[in-house]
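All remarks here apply to the structure that follows.
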Amino acid sequence: MLSILEAARWAPSSKNEQPWRYIVFTKDNPEKLMEAQSVLLESNVYAKRAPILICAIAKKNYSEGEKYNRLHFHDLGAANENMFLEAFNQGLIMHEMGGFDVQRAIEVFHIPDDFEIGIMIAIGYQDKHSVLPERFREKAFSPTRKEEALRDSIYRRNWEKSGMISVIASESMCLVTDRVKDKTIVELDCKPNRIGFLP
Ligand SMILES: Cc1cc2nc3c(=O)[nH]c(=O)nc-3n(C[C@H](O)[C@H](O)[C@H](O)COP(=O)(O)O)c2cc1C
């Protein structure tokens with residue numbers, strides 16, 4: 001668990017503010033763990049089987065001058081993603097949940113006003129889907145991810161659709177072409193799941 005929290009600590013943050021804070025609930029303190037479970041919405045009841053629940057929180061202002069830090073949630077997300085990667089590195093499953101009673105969590109966890117709750121996180125080992133309540137099984141077996149095509153989330157020059165690029169990937173080569181100029185921008189030797197930096 002420490003290496004997962006340590007991974008969060010190394011995330012980049014605006015002005016190195018490191019605005020993330022985590023409340024960790026474990027089976028060591030079953031009463032507190034039950035309190036954390038109690039804020040989860042019905043749609044996340046399956047996470048009550050997890051031995052670890054975490055509340056991820058971000059400090060809203062910069063320490064210096066107490067100015068509002070509009071990037072506090074961005075940086076919390078970066079820290080969470082580090083934890084994700086380290087949890088998988090440890091052979092664990094980490095699941096992020098926005099489906100919880102935020103107001104109740106603020107009260108139960110005594111979150112001060114200058115902090116904002118982000119998500120709840122469940123950490124544990126992958127279990128068999130058969131342990132899931134019937135109503136969750138269908139979702140568990142159905143593929144959750146429908147990735148947007150790369151070309152649908154990247155623009156060149158500005159927000160105009162016409163400025164978009166297209167990526168034609170083959171086993172070993174990625175051709176990035178500019179749809180307007182119909183010009184190859186860059187050729188990348190593409191190892192599967194290798195993302196190239198676009199000019
Ligand atoms: C901020 C955030 C909140 C999420 N909230 C929930 C949630 O409340 N319940 C849930 O089952 N999954 C939740 N998810 C998981 C997403 O549904 C999941 O990441 C997405 O469908 C992609 O699937 P994958 O992560 O399994 O690839 C959340 C993910 C994020 C990043």
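Once you put a point 7 Å from the Cα of ARG49 and another 7 Å from the Cα of ASP127, both along the Cβ direction, what distance in nm separates them?
Each label point is offset 7 Å from its Cα along the Cβ direction, giving 0.3 nm.
Hey, can you grab everything whose amide H is under 5 Å from the amide H of ASN61? Only 5+ residues off in sequence or another chain; H modelled, so Pro and N-termini drop out.
Result for ASN61 returns ASN69.
Starting at the first residue of region 62-73, write each ³J(HN,Hα) from the Karplus equation 6.51 cos²θ - 1.76 cosθ + 1.60 with θ = phi - 60°, in whole Hz, x for Gly and Pro.
5, 5, 6, x, 6, 6, 5, 9, 5, 9, 4, 6
Just subtract the alpha-carbon distance of ARG135 and GLU6 from 0.36 nm times their residue separation and send over the number in nm, one decimal.
Details: separation 129, 0.36 × 129 = 46.44 nm, distance 3.59 nm.
Result: 42.9 nm gained on full extension.
Compute the FRET efficiency between LYS15 and ILE154 as 1/(1 + (r/R0)^6), taking r as their Cβ-Cβ distance and R0 = 25 Å, and round to the nearest 0.05.
0.35
Could you tell me what percent of the accessible area of region 1-98 is made up of carbon and sulfur, with a 1.4 Å probe and every protein chain present? Please report the intermediate quantities before stating the final value.
Working: 3040 of 5470 Å².
Reported share for carbon and sulfur atoms: 56 percent.
For region 2-141, what class follows from the C-alpha gyration tensor (a ≥ b ≥ c being the square roots of its eigenvalues): rounded when a/c is under 1.5, otherwise prolate if a/b is larger than b/c, else oblate?
Working: a/c = 2.11, a/b = 1.57, b/c = 1.34.
Since a/c reaches 1.5 and a/b is larger than b/c, the shape of region 2-141 is classed as prolate.
Amide H neighbours of GLY118 under 5 Å, at least 5 residues apart or on other chains, H built in the peptide plane: list them.
So GLY118 has HN proximity to ALA56, ILE57, ALA58.
Rounded, prolate or oblate: pick one for region 45-126, where a ≥ b ≥ c are the square roots of the eigenvalues of its C-alpha gyration tensor, a/c under 1.5 means rounded, and failing that, prolate if a/b is larger than b/c, else oblate.
Details: a/c = 3.08, a/b = 1.51, b/c = 2.04.
It comes out oblate by the Cα gyration axes.
The values are calculated or read from the model by the stated rules, or taken from the named source; none is laboratory data. All of these numbers come straight from a predicted model, not from anything done at the bench. Neighbour counts run over all protein chains shown; Cβ positions are idealised from the backbone, glycine included. In case anyone asks, the SASA skips ligands and DNA or RNA and just uses the protein heavy atoms, side chains included. Shrake-Rupley method; radii C 1.70, N 1.55, O 1.52, S 1.80 Å.
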